[in-house]
Every structure is written in C-alpha cells, then in structure tokens.
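Participant: My questions will all concern the structure given below.
Computed from the coordinates by the stated procedures, all read-outs in this text should not be read as laboratory data. Only a predicted model underlies this, so the values are computations on that prediction, with no experimental measurement involved. Because the Cβ atoms are built from the backbone with ideal geometry, glycine has one as well, and the counts that use them run over all protein chains shown.
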Amino acid sequence: MPPMPCPGCWWPVDAVAQLDGIEADIDVTDGKTVARYRFDLSNPAPDGHHGGPGAEGRIIFPVPSGSSVTDLVLSGGPETLEGRLLDADDATRIYEDIVRRLIDPALLRSLEGDMYEVRAFPVPAGEERQVSFTVTTPLLAEGEQALAEVPWSRMSPRPAAAEVSVDVDVPWEVRSAIAPGFDLDEERIDSGRIGLGWESPSTWTPDTNFRLYLSGGEGLIDTRLLAYREAHENGYFSLLFAPVIELDESVARDVVIVLDRSGSMEGDKMAQAISAAEYVLDNLGADDRFGIVDFSRYVRTFDAELRPAADAEAGIDYVRGIGAGGNTNISGALERGMEFLDGERPGTVIFLTDGLAT
C-alpha cells in the first residue's frame, strides 16, 4: 500500500517512477499568486526492461483554500496530453480504465480537503516524463506580511534538483523579501517590483517548505517578527528591520574613454580594449555625453567636444577603426581626457591600456 498523504506534505507515491527535478515559477501580484510547477519523473529500470506496462507517477499535494489548479500537461513522450479536473470517484474510475488500456493519461483529481493528486501513466523503462500544472491562489497573509508558499515539504526521500524563480509586482513598497532556510538571489527593479531566485545544491532533499514573506510598512524603519516553536521544544525567531529603500535615480554623466593604441597593444589586447569601449558606448544613458581619446606617441580625439549619447554609434565606428602601433604617451592622453570634464556634471575617465611602455 502506498503511504497516505500527510497534511502539508507533497508526496510522490513511488511505483518505480522517481522524482528527479522540481521547478516553480511564481508571479506575485497585489491580489494573487500564480505558481507554475514542473516535475521531472523517470523510470530508472534499464532500457531493455519491458516486463511490465511501465511505471506510474503519482504526486499528492496540498493547495491553500480558494486555489484553482489548471493547465495540467503530461509531456516527454510521443504526445503532450492535457489532463482533466475530476471529482475523486470519476477520476478513479476513468483512470483505472485508461491504465488497463495502456493509454497515456495525466489525470488530476480532488482528494479530501484541499488536497489534489496528479497521476501519470505509463513512464516506460529508461524514459522520462514531465508533469506541469498551474496553481492560482489569493495572496495569503500572515500577520501584516504577504506570503507566497511552495509546500514541497517531505516531497521526496531522495535528492532532487530544484529551482524557484519569483517575480513580484505589487503596487506597494516591498521593504524586505525573505524565505527562511533559502539563500535568495535578488534583483530589485523598483520599490514594488523584485525578481528572486533560488537553486538547490546537488544533494538537496526537499524537506522544508519554501515560504516567501514580503514585508511592506510605513515609517523610517519597518519591523517584523517571525517566530516558530514545536510543541514541547525550544523555539526560534527572526526579527527583521527593513529601512526605507531609496532607489538611485539615473543621473546624467560625462564618460571619457582613453584607449591605448601603442605597439604593445597589438593583437588580442587591442581587440579586448575595443570590445570594452563598445560596451561602454552601448550602455550610455539617454542624457549622458561621451568623449574618446586614443593615443600612441601622438594623442587623438574622436571629437574636440563631448558628444551626446545619440551619437554613440558613430563613436563605435571610430573605435573599431583604431589600430595598434607606435610609442606610449600616457601622460598626454590622460591630461587630454581630463580636459573634457568641466565639473558641472559627474564625470568618469575609463583608461584602457596594458600599462606597458613602448
């Protein structure tokens, strides 16, 4: 008999098919969380093992109240089949009939409470299948914090690769975003838009639910307390202090590229310097200005004055035409580069050289 599902647990019922990977792609908005899941299943029996019809893949998992489960797909075989959402009695009857006829189904059926079950059959010996579906949930709250959760605790007794990506786009300021037990990569776009990511180490076993807490708040410092305690055990807590995040506004600046074209730069060094200069010119802000100084024994400039970012393509064409040869007049080149900066705007001189005298 397969193990019964436990509250708050995801549980693949191993009928030979094993869980190899989990991906969760989550969008968090002001009113809801849309989580797209993919599970990689495989039948580890040898390719030549055809003594049976194939392995069954089953995943039992909880969803929060008020959620909807849609877009169930089984892929990896000759066809990609949509699953159907059925009540428990109909799902069992239809599924068992399909299994007997060896037709590939992916059937999703409701279990007790807020539990759902995905059943996929067959996974042939030595082959892989992917099961994917979408869970849409009202944005949960715990205290004054928004909560998004991937409830994969105890999902598999063996290590499985896992990856979570989260896009947050809410109309309120997010002071902090944490997932206890998970080291998140974070990219903050603006006060209410954040990209988050996490990848498992190779030996990871999914024994801890991924719970993402999003904290807003008013005032200079927002304070949040997370506490947890098992019955008859010592507990622990996390106290968060999140100051107001002031995002830097783009400031118009002047950028001067000083590029060494002396003989020692010939070959790969010249190509690398030109590539670096192109990158700088390609990434100027709309209100930035630029200048180009190139030198060997003699110092030259792209233009006697700073040029607007709109002329960056002309600057790139100029840089691509620079060739290496001659002596090295570093002092004269840097002096000319500094002359472009008048002190009225932030200025930067980027010096591209191998530092060798020729």
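Participant: Expressed in nm to one decimal, what extension gain is obtained for the pair T205 and D342 from 0.36 nm per residue of sequence separation less their Cα-Cα distance?
Facilitator: Full-extension gain reported as 43.4 nm.
Participant: Tell me, in nm to one decimal, what length is gained between R300 and A286 on full extension, where the rule is 0.36 nm per residue of separation less the Cα-Cα distance?
Facilitator: 2.5 nm
Participant: How much length would be gained if the chain were fully extended between A314 and A357, taking 0.36 nm per residue of separation minus their Cα-Cα distance, in nm to one decimal?
Facilitator: Numbers: separation 43, 0.36 × 43 = 15.48 nm, distance 2.97 nm.
Computed gain between A314 and A357 is 12.5 nm.
Participant: Rank by packing, highest mean first: peptides 195-202, 343-350, with packing defined as the count of other Cβ atoms within 10 Å averaged across residues. The partial results should precede the final answer.
Facilitator: Details: 195-202: 14.6, 343-350: 12.8.
Top to bottom by mean Cβ count within 10 Å: 195-202, 343-350.
Participant: Now for a different question. Eigenvalues of the Cα gyration tensor times 5, then square-rooted: what semi-axes does that give for segment 251-346, in whole angstrom, largest first? Provide the component values of the computation, followed by the final result.
Facilitator: Numbers: eigenvalues 100, 49, 18 Å².
Equivalent ellipsoid of segment 251-346: 22, 16, 10 Å, largest first.
Participant: A further question on this structure: Could you order the peptides 170-176, 35-41 from most to least packed, using the average number of other C-beta atoms within 10 Å per residue?
Facilitator: My ranking of the peptides, most packed first, is 35-41, 170-176.
Participant: Next question, about the same structure. Per Stokes-Einstein, at 4 °C and 1.567 mPa s, what whole-number D in µm² s⁻¹ belongs to segment 265-307, with the Kirkwood radius over Cα pairs as the hydrodynamic radius?
Facilitator: Answer from the Stokes-Einstein relation: 110 µm²/s.
Participant: Show me 284-292, 24-32 ranked by packing, highest mean number of other Cβ atoms within 10 Å first.
Facilitator: In decreasing order of mean packing, 284-292, 24-32 become 284-292, 24-32.
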